[in-house]
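Chemist: Shown below is the structure under consideration.
The values are calculated or read from the model by the stated rules, or taken from the named source; none is laboratory data. Note that this is a predicted model, so its numbers are computed, not measured. All Cβ positions, glycine included, derive from the backbone under ideal geometry; neighbour counts span all protein chains shown.
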Amino acid sequence: MPLTHGTVSGRIYRVTDTLPNAFKEQFERNLARHAFKPIDPERGQLEAIGWVNIRQMLDSRLTLNKVLFGNLILVGLRIDKLTINQKLFRATLMQEIGRVMKEKDKRNLSKEERLVIEDKVRLELIKRTQPNTAVHEMAWHLEEGVVFFGTTGERMNMAFSDLFTETFQVGIEPQYPYLRAQRWAEKQGLGQDLLELLPSPFSPDAPVEVVEIGSEAE
């Protein structure tokens with residue numbers, strides 16, 4: 001659990017909506033609705049995503065006492081993906097087609113027969129395949145309205161943002177360094193000062209080119 005020890009990397013978000021009055025009462029029900037559920041191959045699923053206990057990835061029966069620590073909500077987002085080895089799929093498919101042709105004493109199979117065999121082979125391989133599993137941690141400070149999500153991947157952050165909003169019925173927006181500085185400056189009455197800041201070089205020998213807003217660099 002890197003959030004309690006070690007180093008972490010990820011993205012910071014800000015909650016953009018006010019929490020409803022009955023938020024905590026609805027919390028467990030909303031978490032349960034979007035908790036992690038294993039992939040169901042019979043339904044053609046190859047991916048599953050949902051919330052789990054941040055301390056135990058196999059525990060998706062979430063309650064307030066498992067995720068709420070003072071003003072902090074700590075929860076894990078688990079993603080399982082199934083990937084079929086295509087070489088194994090083709091080899092198994094050809095073997096099964098050959099077996100069916102021999103059994104039916106046929107030199108060729110119709111397109112429909114081949115599709116049925118493909119679906120059967122794919123399902124059998126999926127059932128025998130273990131999914132790739134990843135768990136990313138989330139920390140949400142309810143009072144400050146700040147959310148930390150423990151990965152920087154764009155696709156994963158998009159999935160997280162969508163699931164967060166769907167689960168908790170509040171929106172979030174990423175807090176890039178400038179946006180965070182802008183919010184702080186506005187609270188301090190320093191908005192104009194922020195706009196007038198000039199870039200500073202990290203190297204004493206690095207040249208600094210200042211271009212006024214609205215003008216073009218030569």
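Chemist: Counting residues that are at pLDDT below 75 and either crowded, with 16+ Cβ neighbours inside 10 Å or out of contact with any Asp or Glu (no Cβ under 8 Å at 6 or more places or on another chain) (or both), which helices (runs of 4 or more DSSP H) fully inside region 147-200 reach at least 1? Talk me through it step by step, then tell me what you get.
Modeler: Values: elements: 154-168, 177-187, 191-195.
Per the criteria, 177-187, 191-195.
Chemist: Going through region 24-76 one residue at a time, which ones are closer than 30 Å to Asp119 by Cβ, among the basic types (Lys, Arg) and in contact with a strand residue (DSSP E or B) (Cβ under 9 Å, 6 or more places away or on another chain)? Outline the logic, then answer.
Modeler: The first filter runs over region 24-76 and keeps only residues closer than 30 Å to Asp119 by Cβ, leaving 34-50, 60.
Filter once more, so that each one left must be among the basic types (Lys, Arg): 37, 43.
Passing the criteria: only Lys37.
Chemist: Can you pull out the residues in region 116-146 that are basic (Lys, Arg) and either surrounded by fewer than 15 Cβ atoms within 10 Å (Cβ to Cβ) or part of a strand (DSSP E or B) (or both)? Before you say what the answer is, go through the steps one by one.
Modeler: Going residue by residue through region 116-146, those that are basic (Lys, Arg) are 120, 122, 127-128.
Selection gives Lys120, Lys127, Arg128.
Chemist: In region 72-115, which residues are assigned to a helix (DSSP H, G or I), at pLDDT 90 or above and small (Gly, Ala, Ser)?
Modeler: Ala91
Chemist: Consider only pairs whose beta carbons are under 8 Å apart and that are at least six residues apart or on different chains; among these, list those whose first residue lies in region 25-48 and is at pLDDT below 90 and among the basic types (Lys, Arg) and whose second residue is surrounded by 14 or more Cβ atoms within 10 Å (Cβ to Cβ) and not in a loop (DSSP other than H, G, I, E, B).
Modeler: Nothing qualifies.
Chemist: Is it the case that Asp40 is farther than 23 Å from Ile126 by Cβ and among the charged types (D, E, K, R)?
Modeler: Details: farther than 23 Å from Ile126 by Cβ: no; among the charged types (D, E, K, R): yes.
Spelling it out, it is not the case that Asp40 is farther than 23 Å from Ile126 by Cβ and among the charged types (D, E, K, R).
Chemist: Find all pairs meeting these conditions: Cβ atoms under 8 angstrom apart; at least six residues apart or on different chains; first residue within region 191-209 and farther than 13 Å from Ala181 by Cβ; second residue at pLDDT 65 or above.
Modeler: Pro207/Pro201; Val208/Leu198; Val208/Pro199; Val208/Ser200; Val208/Pro201
Chemist: Next question. What do you reckon, is Pro131 closer than 19 Å to Arg11 by Cα and in contact with a strand residue (DSSP E or B) (Cβ under 6 Å, 6 or more places away or on another chain)?
Modeler: On the way: closer than 19 Å to Arg11 by Cα: no; in contact with a strand residue (DSSP E or B) (Cβ under 6 Å, 6 or more places away or on another chain): yes.
No.
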